[in-house]
Amino acid sequence: MAAVLRELRDPASLGLAAITCAGNWALGVQLPLAVAAAVAVLAVKVGAGLAWPRRLARNRTWPGGAPSITRRELEIAQLITGGLSNKEIARKLFLSERTVDNHVQHLLNKLNFHSRAQIAAWVERQGLALT
């Protein structure tokens with residue numbers, strides 16, 4: 001249900017539906033049919049959103065108002081998902097262990113999580129895991 005509401009709140013979808021309705025009406029299509037065309041546009045948009053959910057882009061703001069994370073934080077989150085410790089991540093990225101710990105703490109705070117396991121599960125859910 002949340003995915004449907006998210007698609008219906010999308011300004012681009014609503015704008016396209018409004019343009020469809022107005023354009024059809026301006027061309028002489030009866031108003032009920034023009035409105036039906038606009039509803040059809042929204043139905044297709046919702047269907048497409050459910051069939052092909054949007055993947056989150058790196059370094060962008062997350063849907064729903066969640067804070068964005070930095071590229072480095074995403075990289076560390078992906079390595080956490082791979083089961084690496086802070087020490088192993090530090091060696092791999094040529095960082096100090098304390099710097100990695102800071103990044104992990106920032107991730108936990110930004111995502112409102114309490115454990116590394118939650119970070120790993122979040123990375124998997126978002127489809128951001130390294131392959």
Checklist entry - Which value, in Å² rounded to 10, gives the accessible area of T81 with a 1.4 Å probe and all protein chains present? => result 40 Å²
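Could you order W122, W25 so the one with the most accessible surface comes first? Probe is 1.4 Å. Present the calculation step by step, with values, prior to reporting the outcome.
Working: W122 20, W25 155 Å².
Result of the area sort, largest leading: W25, W122.
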Next on the checklist: Solvent-accessible area of K92, probe 1.4 Å, all protein chains present, reported in Å² to the nearest ten, please.
Outcome noted: 120 Å²
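The values are calculated or read from the model by the stated rules, or taken from the named source; none is laboratory data. What you are looking at is a predicted structure, and each value in this text was computed from that prediction instead of being measured. Protein only, heavy atoms only, side chains kept; ligands, DNA and RNA dropped before computing areas. Shrake-Rupley method; radii C 1.70, N 1.55, O 1.52, S 1.80 Å.
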